[in-house]
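Trainee: Quick one: the structure is below, questions incoming.
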Amino acid sequence: MHRGFSAAESRVVLGGVVALLAMCIAVLHMPAYLPLFAGFFGCTCLAVRRGFHPRALAQMAVDGVRKAILPIEMLALIGVLMGLWRLNGTAATVAVYGSALVKPRYFALSAFILCALVSMAVGTANGAASIIGLPLMMLGHAYQLSEGLLAGAVISGVYLGDRSSLVSSVLHMVAHLTGSDPRTLFRRLAITLVPAMAVSVLLYWLIPAGHMDGAGSRDVASVFQFANGAFPALLAAPALMILLAVLRVPILVNLVLNVVGAATVAVVVQHTSPALVIRTALFGCHVAAPSSATPVTVGGGLASMVGVLLVLVSSTALSGVLSGTGIFEAALGKWLSNFSSPRRLLIATMGFSIATGMVAANQALSVVVPCTLLDRVYREKGLSRLALAHAVSDSGVIVAPIVPWSVAALGPAAILGVSPSAYIPYAFLCWALPVASVAWILLSQGNCSGFLPSHCQSLRCCGMVERGR
């Protein structure tokens, strides 16, 4: 018979996990999966001492990892595809021909808008990052632009779809857990999105991405002599990926078709040996080229994704144990029920969602845990569950990619070939949305000035309080 963790004990455990992650990653610069595995084993040992059976804890961890099967498969296929695209010249082709279409001065702004549009169409951040984000990063390398600023613009754009797209699994999960209508939630989320988007667009417009003197394009063009007969027809590969995404072809099918196509072009058209294709798929492409052109000619392969795959496994195993043992619920559930003011409860909900995501390194849990634990609290306080959905969407969902050890940060970062620390300061939308949401909550307490219609006079008319209560 096991004994559960008290609220104080649970808070100590969660605080210890966050401190361990922050110290190991930010101070010691260790790979994120090492402190995550350490946290997992530490929490498991504590749970065993509390009477939890090792087999039950193992099942909790397995259940947690199962939730990450899709992103694990996606990232593995993306690693393979990136190696093959470098081998057959697709990456260099995108960089060379794309460099004639975009002005470097407004490249970050263009990248943000393009990624936002694609992510709203496909509804997945990782999918949008691989479909449009990666080609934009390759093009940015050709221009020798700021890697951090460009990646920040891409991350901001792709996570807009994760939060707001009607085809996003995250939006539908939030709606389902809170009993909200997805289209109603979609309209509600626009209230805080508009000012946050305006701030982000202004910042990407004001901050220059870098200076282009022509050397970048010449260096990328020079890799053609090393690539296997790169030619404009190779642009069909990224175009096909976008087309299949627009046609709602499942992302895994999309990636498999592109991997098969890239390998076929290399073997049949460019007469590359099958052994080299397999080696590239596993270990990446290693083509001699000018140093400034290496981002589009060297790298990729399944091996390049091993680190982030280990993060996925370790973080989801840890979150499975934290959820299964009741540590999350014991730590914060009762504390949040003590807030009498709707304004304070909404802001505390946002903090709870962000804290959950930081501890679990998992965007999904930053949604599931608050929505599950606080449903009863919101009912008792007379608050609309639509308000709960909005608070979670503007906190845990959108902040996840700026938590350095989060799967939501490390996954797209691996796709784009950057470190989270490089882009986090420039992911303006991820910073602006929580601020806009808190401002909206504070302003809506009074005369609803600012982000809300002028006729709104209370929380009730804004949908924050249940009608008829």
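Trainee: I'd like to know how the range 1-152 sits against the 2.2 N^0.38 Å rule of thumb: what's its Cα Rg over that expected value?
Mentor: Compactness ratio reported: 1.46.
Trainee: From the phi of every residue in the range 353-370, what ³J(HN,Hα) in whole Hz does the Karplus formula 6.51 cos²θ - 1.76 cosθ + 1.60 yield, where θ is phi - 60° and glycine or proline is x?
Mentor: These are the phi-based 3J(HN,Hα) values: 5, 5, 4, 4, x, 5, 6, 7, 6, 9, 5, 4, 5, 5, 9, 5, 5, x Hz.
Trainee: Kindly rank 384-396, 147-159, 108-120, 179-191 from highest to lowest mean number of other beta carbons found within 10 Å of each residue.
Mentor: Answer by packing, highest mean first, reads 147-159, 384-396, 108-120, 179-191.
Trainee: HN-Hα J couplings of the range 125-140 from phi, Karplus 6.51/-1.76/1.60, θ = phi - 60°, integer Hz, Gly and Pro as x?
Mentor: 5, 5, x, 5, 5, 7, 6, 10, x, 5, x, 5, 5, 4, 5, x
Trainee: If you don't mind, another one. Can you sort CYS24, CYS430, CYS285 by how many other beta carbons sit within 10 Å, fewest first?
Mentor: Ordered by Cβ neighbours within 10 Å, fewest first: CYS24, CYS285, CYS430.
Trainee: Would you mind computing, in nm to one decimal, how far apart the modelled labels at LEU257 and ARG379 are, each placed 7 Å from Cα along Cα→Cβ?
Mentor: 4.5
Trainee: Going by average Cβ density within 10 Å per residue, which order do the peptides 199-208, 342-351 take, highest to lowest?
Mentor: 342-351, 199-208
Trainee: Further question: In whole Hz and in residue order, list the ³J(HN,Hα) couplings for the range 70-82 that follow from phi through the Karplus curve 6.51 cos²θ - 1.76 cosθ + 1.60, θ = phi - 60°; x for Gly and Pro.
Mentor: Calculated HN-Hα couplings, in order: 4, x, 4, 5, 4, 5, 4, 5, 5, x, 4, 5, 5 Hz.
Trainee: Now for a different question. Give the peptides 354-367, 234-247, 269-282 in descending order of average Cβ contacts within 10 Å, highest first.
Mentor: Numbers: 354-367: 26.8, 234-247: 16.8, 269-282: 15.2.
The densest-packed peptide leads the list: 354-367, 234-247, 269-282.
Trainee: Then there is this: Computed on alpha carbon atoms, what radius of gyration and Dmax characterise the range 239-328, expressed in Å?
Mentor: 18.3, 57
Trainee: Scan around LEU383 for amide H atoms under 5 Å from its own, H built in the peptide plane at 1.01 Å from N, and keep only partners 5 or more places away or cross-chain.
Mentor: For LEU383, the qualifying residues are GLU466.
Values in this text are rule-based calculations from the coordinates and carry no lab data. Predicted, not measured: the structure shown is a model, and the values here were computed from it. Counting neighbours? That spans all protein chains shown, and the Cβs are built from the backbone with ideal geometry, glycine included.
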